[in-house]
Amino acid sequence: MTDIDPQAASDAARAVPGVPCDAEGPTFREPWEAQAFAMALALHARGVFTWPEWAATLGAEIKRAQASGDPDTGETYYRHWLAALERLVEEKGIASAAQRTRYYDAWDHAADRTAHGQPIELKPEDFT
């Protein structure tokens, strides 16, 4: 799983309402959730966005999903987290929607050729 700085995770959990937590800090049901959380921590640490900016973007993504019928049971929280991450990455000019789609497609191709249980590795041919 992803190594997450406990102090940074604690700071994020205090700054961003709704982060699923237990007594030890943020909790994750799937490895990708921890990875998305860690990506947001890393971008925040690099000054890409503030926690209030993040919270506003995340809130907007949650409201958009609710308006589209998301039952808001908590199970989709990190899907909204990922959508907010993608939105800010695009808005801040870190990567475009086309670049994100290119990597998504490459990742999908790499996953198709990778045996179950093995790490997925991107190769140059995944981008063609």
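FYI, it's all coordinate maths here, none of it is from the lab. Because the structure is predicted, anything quoted here is derived from the model rather than measured. No Cβ is skipped: glycine too gets one built from the backbone with ideal geometry, and neighbour counts run over all protein chains shown.
Quick notes on this one:
- Within-10-Å neighbourhood charge of residue 51 [Cβ basis; K, R +1; D, E -1]: -1
- Percent of C-alpha pairs per 10 Å bin, the stretch 1-89, short to long: 17, 55, 26, 2
- When you count the other C-beta atoms within 10 angstrom of each residue and take the mean per peptide, 36-47, 105-116 line up highest first as 36-47, 105-116.
- Proximal charge balance of residue 27 [Cβ under 14 Å; K/R count +1, D/E count -1]: -4
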